[in-house]
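Right, one structure below, let's go through it.
The values are calculated or read from the model by the stated rules, or taken from the named source; none is laboratory data. Owing to the predicted nature of the structure, the values given are computational and were not obtained by experimental measurement. Glycine also receives a Cβ, built like all others from the backbone with ideal geometry; neighbour counts cover every protein chain displayed.
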Amino acid sequence: MTTEEHDSIPEKKLPKKVHTRHKTPKFRRQESWRYKRVTDRWRRPHGIDSKMRKKVKGWPVCPTTGYRSPKKTRGLHPSGFVEVRVQTIEDLGGIDPELQAIRIAHTLGRRKRVEILALAEEKGIHIINPGKTRESEVLKESVELEDKENISAGEK
């Protein structure tokens with residue numbers, strides 16, 4: 001979803017949770033269940049006698065406009081936030097914690113990821129993919145403290 005589309009949405013009017021009225025079916029490619037060589041990825045049926053193209057009862061359905069999600073919730077994360085990809089600490093500057101949530105780029109290393117997590121917690125920004133870094137850092141700090149205590153105890 002582009003920023004212009006989200007600018008048209010009135011501020012603070014986004015739903016807290018994204019709900020759709022119905023679950024969209026898994027659109028299957030014609031005859032994919034019959035032949036291994038035919039992949040399950042959707043392709044529009046073109047045959048002259050195609051049952052799927054003719055929308056015969058009992059055959060899988062084709063994608064149509066009726067399965068589209070509501071305009072206000074289209075492109076949002078299921079948590080109700082607008083996703084923003086973050087690669088650097090500077091990217092956290094223009095984020096609204098009430099409307100936007102961050103997804104940390106997978107190419108970041110642990111050190112920069114920990115810095116971004118700490119700053120996002122301070123600002124109250126929702127993180128979509130925090131990972132296990134936070135837990136491992138807490139464990140690492142506690143191990144370092146124990147090592148320091150053991151070293152100081154051994155010196156006495």
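Some points to look at:
- Per the listing 103, 74, the residue uniquely under 27 Å from residue 127 (Cβ atoms) and either outside the structural domain of residue 130 (by TED's automatic domain parsing) or assigned to a loop (DSSP other than H, G, I, E, B) (or both) is 74.
- Verdict on residue 36 being at pLDDT 95 or above and either in a loop (DSSP other than H, G, I, E, B) or outside the structural domain of residue 115 (by TED's automatic domain parsing) (or both): yes
- Residue within segment 53-70 that is assigned to a loop (DSSP other than H, G, I, E, B) and of a type in the set (Phe, Trp, Tyr) present: yes
- Extreme residue, surrounded by the most Cβ atoms within 10 Å (Cβ to Cβ), among residues of segment 71-110 that are among the aliphatic types (A, V, I, L, M) and in contact (Cβ under 8 Å) with a residue 40 or more places away in the chain: 76
- Tabulated pairs, segment 112-129, first surrounded by 15 or more Cβ atoms within 10 Å (Cβ to Cβ), second in a helix (DSSP H, G or I) and modelled with pLDDT under 90, C-beta under 9 angstrom, 6+ apart or interchain: 113/133; 114/133; 114/134; 114/137; 117/133; 117/134; 117/137
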